[in-house]
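Beneath this line is the structure, given in C-alpha cells, with notes to follow.
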Number of protein chains: 2
Amino acid sequence: MSGPDILGYSAAALTVFTFLPQVIKTWREKSAADVSLNMFIIAFLNQTMWLFYGIWINNWVIIVTNSLMLPMSGAMIALKLKYGKKTS
Amino acid sequence: MSGPDILGYSAAALTVFTFLPQVIKTWREKSAADVSLNMFIIAFLNQTMWLFYGIWINNWVIIVTNSLMLPMSGAMIALKLKYGKKTS
C-alpha cells in the first residue's frame with residue numbers, strides 16, 4: 001500500500017467516528033438543546049448521497065464509511081427530537 | 001459530466017455546509033454545553049488529514065472541500081471553548 005493510500009484509509013477510518021462522541025454525550029446527558037437539528041439532517045441526507053455515489057462507482061470505502069455514519073446521524077436526529085427543546 | 005460525477009460533486013458541495021447550521025446556531029445562542037468538543041476536534045484533525053491527502057494525490061475536490069470545512073470546525077472548537085460549560 002502506498003503512502004497516500006495509508007493516509008486516505010486512515011482518514012476514512014477516522015471520519016467514521018466523527019459523530020460518535022456527540023452521540024455518546026447526548027445519549028448520556030439527555031440534553032440536546034444546543035445541538036443543531038439541521039446539521040444532522042444535512043449530514044444524514046449527504047451520507048445517503050455518498051452511499052448511492054459509492055454504489056454507483058463501486059467504491060467500497062465510500063460505501064462502508066457512509067453505511068457506518070448513517071446510523072449515527074440518524075441517532076442524533078432522534079436524540080435531538082427527543083431531548084432538544086429548541087430546534088434550529 | 002457523467003451521472004456519477006454530478007452526484008459526487010453535489011454530495012461534495014453539500015458536505016461543505018454540514019457544520020454551518022451548528023456554527024450559526026452556537027454563534028447566535030452563545031450556548032454550547034450540549035455540543036461535543038471531541039467531535040469537532042476529531043473533525044478538525046480529520047479534515048487536516050483529508051487536506052494533506054488531497055494535496056498528495058492532487059485532487060482539487062478534496063482540497064477545496066476540506067479547506068472550506070476546516071474554518072467551520074475551528075470555529076466550533078473556539079465557540080465550544082467560549083460558550084460550553086461542560087467539555088466532553
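Below is a table of values for the structure above.
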| read-out | value |
| --- | --- |
| Angle in degrees between helix A:3-16 and the longest Cα principal axis of chain A, rounded to the nearest 10 | 20 |
| Peptide A:7-18, shielding by other chains (average Cβ, 10 Å cutoff) | 6 |
| Å² of accessible area per residue within chain B, as computed with a 1.4 Å probe and no ligands counted | 52 |
| Using a 7 Å Cα-to-Cβ projection, B:Leu68 label spacings across copies, nm, ascending | 2.6 |
| Cβ nearest the rotation axis (A onto B), residue from chain A and distance to the nearest whole Å | A:Asp34, 2 |
| Nearest-first distances (nm) between copies at A:Ile6, label 7 Å from Cα via Cβ | 4.1 |
| Per-residue average of Cβ from other chains inside 10 Å of A:25-36 | 5 |
| With every protein chain in place, the protein assembly as shown: carbon and sulfur % of accessible area (1.4 Å) | 70 |
| Inter-chain Cβ neighbour average for residues B:58-65, partner chain, 10 Å | 1 |
| Distances in nm from B:Glu29 to the matching label points in the other copies, shortest first (labels 7 Å along Cα to Cβ) | 1.2 |
| Within the protein assembly as shown, helix-based [θ] at 222 nm, where runs of 4 or more DSSP H residues each add -39,500 (n - 2.57), nearest 500 | -26500 deg cm²/dmol |
| Relative contact order computed over chain A (Cα-Cα under 8 Å; 6+ residues apart), in percent | 43 |
| Within chain A: Cβ-based charge dipole about Cα centre, in debye rounded to nearest 20 (Lys, Arg +1; Asp, Glu -1) | 520 |
| Angle between chain A longest axis and helix A:60-83 axis [Cα atoms, degrees, rounded to 10] | 0 |
| Degrees separating the helix B:20-29 axis from the principal Cα axis of chain B, which is the longest one | 20 |
| Buried area at the B-A interface (accessible, heavy atoms, 1.4 Å probe, summed, Å²) | 3300 |
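The values are calculated or read from the model by the stated rules, or taken from the named source; none is laboratory data. What you see is a predicted model; the values in this text were computed from it and never measured. In this analysis, Cβ positions are derived from the backbone assuming ideal geometry, glycine residues included, and neighbour counts consider all displayed protein chains. When the accessible area is computed, the model is the full protein with side chains, heavy atoms only, and any ligands, DNA or RNA have been set aside. Shrake-Rupley method; radii C 1.70, N 1.55, O 1.52, S 1.80 Å.
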